[in-house]
Amino acid sequence: MKNPIHFTALKTIWIKECTRFLRIWVQTLVPPAITMTLYFIIFGSLIGSRIGEMGGVSYMEFIVPGLIMMSVITNAYSNVAASFFSAKFQRNLEEMLVAPVSNITIILGYVGGGVARSLIVAVIVTIVSGFFVELNIQSYGMIIITVLLTATLFALGGLLNAMFAKTFDDISIIPTFVLTPLTYLGGVFYSITLLPDFWQAVSQVNPIIYMVNGFRYGFIGVSDIAPTVAIGVLVIFNLAFFVLAWWLLRRGTGTRT
Amino acid sequence: MTNALEIKGLRKIYRGGLVALKGVDLIVREGDFYALLGPNGAGKSTTIGIISSLVNKTEGSVKVFGYDLDTHINEVKQHIGLVPQEFNFNQFETVEQIVVNQAGYYGVSRKLARERAEKYLTQLGLWEKRDDRARTLSGGMKRRLMIARALLHEPKLLILDEPTAGVDIELRRSMWEFLTRINKQGVTIILTTHYLEEAEMLCRNIGIIDKGQIIENTTMKSLLGKLNIETFVLDLESSEKAPDIKSATARIIDDHTIEVDVAKSAGLNSVFNELSEQGIKVLSMRNKANRLEELFVNLVEQGRETKEQA
Ligand SMILES: Nc1ncnc2c1ncn2[C@@H]1O[C@H](COP(=O)(O)OP(=O)(O)O)[C@@H](O)[C@H]1O
Ligand SMILES: [Mg+2]
């Protein structure tokens, strides 16, 4: 391929994606702010004050990074899943398919939109958390790298989901039955060192453990998982999802007859 | 002269085994205004889907301005503007967003896209509506929005799949005028339709497709000529000398059967006169079934149904 990325087209898709979630900001940006505020009040302030310390910091400070990560995950995923699926369903995806836009450009454009939304939500949630706890930051680098890799990974996941989906129900099955349980079991609310050995070992298979811990390390400097391992796992998953998405789009799975 | 489109041996078998195209050959010259006419289910949209790379072909080759779809897909795409049969824009986007974004996918800068958007939306009577959501537009406006969208990267070949379905007479006229104008400016146009009237008004050349096969590929003029001729089979009382008919084209099939081609306006009187002068008696007469004719009767009926619904 002479020119794998078409920059004007990429910019166009990205702007289109951002316009979409900003247009429906009441559905896309407000709910995470409300949910997270509730989490902060209930788990952080009310219950958290009785739990005491976890990972060497107050419980509130412990869960904030996890909750930010949780909103990044759900927003990156659902943005791309909903947008790509409705483009397929309303057939306006054809606008891109008839134009000389490479598949890589399409993937990057949609993923870029999902990442943009999840980062905006992350900023909103971080600001909200500022009302409840004073956040310390140990490593900006770790925070930025893990949040970006997590956002792209779940944006790619949402894209894959949308490619296979045949009905609107199909884009809520994975979030409900896979994503939510993995997130809750992914060490957002507890340190896995609290678990019995067996369940600690099982938890290692859950990729979200790596993201939450890598991200939390950036804030409190404490992690259940070595930061380099966390980043390595994220990079590998990202590459695998990207290649899979590219291969499916090239084959025309769910997009071309 | 360059061919805007050259299709050879195009076959399409849909998953599930339906054979939609059975070896289509088609040539459209640069600058032409070409009609692809055929009844519902003939394979028009499938053909167009393949040319615009929304449908994968099973077999055959497609060239657009000399570029092969298999090896130069981006060049092929860049040369084509597509107006599909079904509305396929995002209903929640505004008119201007839709056309400007489409230009962006073709690599047109946002600044230039905005200028062209104003030009084409104005020409198509949509500039006032530029900030309206697409779903609030009437059917005719949506159709014109798709035409504007297809023109923003200034393609050399514009393909319209049943552009006037569901568009009222008044708007249909102005759309025809618009298309004629851009054709004069050098854009090659292919449109599919099942209204013979539409093809007649607009097009110079015509291909007729039925059940996945091209059954006629000719100029509009000669097609209309052919359609204007009716063939009759006359059963004659046997006579010693062969009938000699000058007022129409006649073919002697056997001793007591002849076929005559008569222009519809001319009528059969003169043929009968000649025969009776020669002392030949006509026993019976029937209209010879003509494949093309039959097809057109079907088309005209379909056209009527669609119009009544619209
Ligand atoms: N996606 C599809 N899957 C299976 N069959 C299809 C599909 N699209 C069209 N067909 C069939 O292919 C034939 C040609 O359809 P089409 O090209 O849409 O005809 P036209 O546009 O001339 O009305 C029809 O029999 C139609 O039912
Ligand atoms: Mg059709």
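Can you tell me the length gained on complete extension of the stretch B:ASN40 to B:GLU240, counting 0.36 nm per residue apart and subtracting the Cα distance?
67.0 nm
Select from A:PRO227, A:PRO65, A:PRO100 the residue whose mean-square fluctuation is largest in a Gaussian network model of chain A (Cα-Cα springs shorter than 10 Å).
Looking only at A:PRO227, A:PRO65, A:PRO100, the largest GNM fluctuation is found for A:PRO100.
Once phi is turned into ³J(HN,Hα) by the Karplus curve 6.51 cos²θ - 1.76 cosθ + 1.60 with θ = phi - 60°, what whole-Hz value does each residue of the stretch A:185-198 show in order, with x for glycine and proline?
Here the 3J(HN,Hα) series is 8, x, x, 5, 9, 8, 8, 5, 5, 6, 7, x, 3, 4 Hz.
In whole Hz, with x marking every Gly and Pro, tabulate ³J(HN,Hα) for the stretch B:218-228 from phi via Karplus 6.51 cos²θ - 1.76 cosθ + 1.60, θ = phi - 60°.
So the Karplus estimates, Gly and Pro as x, are 7, 7, 4, 4, 6, 5, 4, x, 4, 5, 7 Hz.
Using θ = phi - 60° and the Karplus form 6.51 cos²θ - 1.76 cosθ + 1.60, what ³J(HN,Hα) does each residue of the stretch A:170-179 get, whole Hz, x for Gly and Pro?
With coefficients 6.51, -1.76 and 1.60, one gets 4, 8, 10, 5, 4, x, 6, 8, 10, 5 Hz.
Please build a GNM for chain B, connecting alpha carbons under 10 Å apart, and tell me which residue among B:PRO155, B:PRO163, B:PRO243 fluctuates the most.
Judging by the Gaussian network model, the answer is B:PRO243.
List the residues, sorted by chain then number, that are 5 or more residues from B:LEU5 or on another chain and whose placed amide H is less than 5 Å from its amide H.
B:VAL28, B:PHE65
What FRET efficiency would be calculated for the residue pair B:GLN123, B:GLN85, taking the C-beta separation as r and a Förster radius of 25 Å, to the nearest 0.05?
So the FRET efficiency works out to roughly 0.65.
Give me, ordered by chain and number, the residues 5 or more places off B:SER52 or on other chains with an amide H under 5 Å from its own placed amide H.
Counting only residues 5 or more places away or on other chains, the set is empty.
To the nearest 10 square angstrom, how much accessible area does A:ILE63 have with a 1.4 angstrom probe?
The accessible area comes out at roughly 0 Å².
So for the stretch A:22-113, averaging the separation of alpha carbon pairs under 8 Å that are six or more residues apart and normalising by length, what relative contact order in percent results?
Relative contact order of the stretch A:22-113: 18 percent.
Using only the Cα atoms of the stretch B:175-277, what are the Rg and Dmax in Å?
20.1, 63
Let me spell out the model: positive unit charges on the Cβ of Lys and Arg, negative unit charges on the Cβ of Asp and Glu, origin at the Cα centre of the stretch B:215-266. What dipole size does that give, in debye rounded to 20?
Using Cβ point charges on Lys, Arg, Asp and Glu, the stretch B:215-266 gives about 460 debye.
Total accessible area buried between chains A and B, 1.4 Å probe, in Å² to the nearest 100?
Heavy-atom accessible area buried at this interface is about 2500 Å².
To the nearest 20 debye, what is the magnitude of the charge dipole of the stretch A:7-251 about its Cα centre, counting +1 on the Cβ of each Lys and Arg and -1 on the Cβ of each Asp and Glu?
Dipole of the stretch A:7-251, to the nearest 20 debye: 740 debye.
Which listed residue (B:SER247, B:SER222, B:PHE33) has the Cα farthest towards the positive end of the charge dipole for the protein assembly as shown, taking +1 on Lys and Arg C-beta and -1 on Asp and Glu C-beta about the Cα centre?
Positive-most Cα among the choices belongs to B:PHE33.
Note the full-extension length gain between A:PHE198 and A:LEU135 as 0.36 nm times their separation in residues minus their Cα-Cα distance, in nm to one decimal.
Taking A:PHE198 through A:LEU135 to full extension adds about 19.4 nm, to one decimal.
What is the local net charge at B:SER247, summed over the other residues whose Cβ is closer than 13 Å to its Cβ (Lys, Arg +1; Asp, Glu -1)?
Net local charge, B:SER247 excluded: -3.
Amide H neighbours of A:HIS6 under 5 Å, at least 5 residues apart or on other chains, H built in the peptide plane: list them.
A:SER102, A:THR105
I'd like the residues of the stretch A:12-46 whose 1.4 Å-probe accessible area shrinks by no less than 30 Å² going from the isolated chain to the full set of protein chains.
A:THR12, A:ILE15, A:LYS16, A:ARG23
Label-point separation (nm) for B:THR58 and B:GLU154, each offset 7 Å from Cα along Cα-to-Cβ?
4.1
Can you figure out the FRET efficiency of B:LYS8 with A:LEU22, using R₀ = 45 Å and their beta-carbon distance, to the nearest 0.05?
E between B:LYS8 and A:LEU22, to the nearest 0.05, is 0.40.
Mind scanning B:LYS44/B:LYS288; B:LYS12/B:LYS211; A:LYS88/B:LYS22 and naming the pairs with a C-alpha gap bigger than 23 Å?
Pairs exceeding the cut-off: B:LYS44/B:LYS288; A:LYS88/B:LYS22.
In Å², what does the accessible area per residue of chain B work out to with a 1.4 Å probe?
On a per-residue basis, 47 Å².
With a 1.4 Å probe and all protein chains in place, put B:HIS194, B:HIS79 in order of accessible area, largest first.
Reading off the accessible areas and sorting them downward yields B:HIS79, B:HIS194.
Taking 1 over the mean of 1/r across every pair of different Cα atoms in chain A, what Kirkwood radius in Å do you get?
18.9
If the cut-off is 18 Å between C-alpha atoms, which aspartates and glutamates fall inside it for B:LYS77, apart from same-chain ones fewer than 8 positions away?
A:GLU94, A:GLU95, B:GLU6, B:GLU30, B:ASP68, B:GLU154, B:ASP161
Angle between the Cα long axis of helix B:169-184 and the longest principal axis of chain B, 0 to 90 degrees, nearest 10?
The helix B:169-184 is inclined about 80 degrees to chain B.
Counting just the Cα atoms, what span does the stretch B:226-291 cover along each of its three principal axes? Round to the nearest Å and put the largest first.
Largest to smallest, the principal-axis extents are 34, 21, 16 Å.
Can you sort B:LYS288, B:LYS77 by 1.4 Å-probe accessible area, starting with the largest?
Listed by decreasing accessible area, they come as B:LYS288, B:LYS77.
Taking only the alpha-carbon atoms of chain B, what semi-axes of the equivalent ellipsoid follow from 5 times the gyration tensor eigenvalues under a square root, in whole Å, largest first?
Gyration-tensor ellipsoid for chain B: 46, 21, 17 Å.
Classify the protein assembly as shown as rounded, prolate or oblate, taking a ≥ b ≥ c as the square roots of the eigenvalues of its Cα gyration tensor: rounded when a/c is under 1.5, otherwise prolate if a/b is larger than b/c and oblate if not.
prolate
Ordering A:VAL64, A:VAL57 by accessible area with a probe of 1.4 Å, largest first, what comes out?
A:VAL57, A:VAL64
Can you send over the solvent-accessible area of A:VAL202, 1.4 Å probe, protein chains only, in Å² to the nearest 10?
Ignoring ligands and nucleic acids, A:VAL202 comes out at about 60 Å².
Compute the distance in nm between two label points, each set 7 Å from the Cα along the Cα-to-Cβ direction, one at A:ILE173 and one at A:LEU239.
Spacing of the two 7 Å Cα→Cβ label points: 3.1 nm.
By average Cβ neighbour count within 10 Å, what is the ranking of B:40-47, A:192-199, A:129-136, A:85-92 from highest down?
In descending order of packing, they fall as B:40-47, A:85-92, A:129-136, A:192-199.
The values are calculated or read from the model by the stated rules, or taken from the named source; none is laboratory data. Since this is a predicted model, take the numbers as computed values, not measurements. With ideal geometry, Cβ positions are generated from the backbone for all residues, glycine too; neighbour counts draw on all protein chains shown. Surface areas here come from the heavy atoms of the whole protein model, side chains and all, with no ligands, DNA or RNA. Shrake-Rupley method; radii C 1.70, N 1.55, O 1.52, S 1.80 Å.
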